[in-house]
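Where a number appears in this text, it was derived from the coordinates with a stated rule and is not lab data. Only a predicted model underlies this, so the values are computations on that prediction, with no experimental measurement involved. Cβ atoms come from the backbone with ideal geometry, glycine included; neighbour counts cover every protein chain shown.
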């Protein structure tokens, strides 16, 4: 689970992390902070997800140490993904695969990049961007280890629980 709160102050992010982190961790779910290794450390998160404009990977890793997760956004770039994996990233993300209202995507990725990655690399890859239960199957088939979803759950017409059930059925985890 990634805490991604934009446009709020650090105190609000800290409060949200302090409330949500134990809920996730008590269920065996890693709790990651978006963008901010400093807040990830301060709120005892399991790790951080950094974008290309956030703290550099090496800085995030140095701050969080070897035992916490550091994931890196790689857009549609094989080169960025290989650099992140070589540096030690715990996972890489590719996307956006579909139109999304969550944020303005910098690139549009094709499922082939997931296939290429999963055939060559051991580091897990995450598909991101506009993913719903209705459109995720090609990404799973192409080799995505994880799917990053936001509106695909929270804006599902039948509610979040229905979305989770549909994703679980597709992923074979129901």
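With respect to residue 98, is the statement that it is farther than 14 Å from residue 74 by Cβ, in contact (Cβ under 8 Å) with a residue 24 or more places away in the chain, touching a strand residue (DSSP E or B) at 6+ places or on another chain (Cβ under 9 Å) and outside any strand (DSSP E or B) true? Considered against the rule, which asks whether it is farther than 14 Å from residue 74 by Cβ, in contact (Cβ under 8 Å) with a residue 24 or more places away in the chain, touching a strand residue (DSSP E or B) at 6+ places or on another chain (Cβ under 9 Å) and outside any strand (DSSP E or B), residue 98 comes out as no. Reported count of residues in the stretch 149-174, each being surrounded by 20 or more Cβ atoms within 10 Å (Cβ to Cβ) and not in a helix (DSSP H, G or I), is 2. Of all residues in the stretch 1-16, those satisfying the criterion of being assigned to a helix (DSSP H, G or I) and more than 22 Å from residue 70 (Cα to Cα) are 11, 12.
Quick one: which residue in 107, 93 is without any contact (Cβ under 8 Å) to a residue 60 or more places away in the chain, exposed (fewer than 15 other Cβ atoms within 10 Å of the Cβ), touching a strand residue (DSSP E or B) at 6+ places or on another chain (Cβ under 9 Å) and not in a helix (DSSP H, G or I)?
107
Yes/no per residue for (1) free of Cβ contacts under 8 Å to residues at least 12 places away in the same chain; (2) over 13 Å from residue 94 (Cβ atoms):
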| residue | (1), (2) |
| --- | --- |
| 127 | no, no |
| 133 | no, yes |
| 143 | no, no |
| 159 | yes, yes |
| 168 | yes, yes |
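Of the residues making up the stretch 112-121, just one is under 17 Å from the mean Cα position of the chain (by Cα) and either over 22 Å from residue 49 (Cα atoms) or surrounded by fewer than 18 Cβ atoms within 10 Å (Cβ to Cβ) (or both), namely 118.
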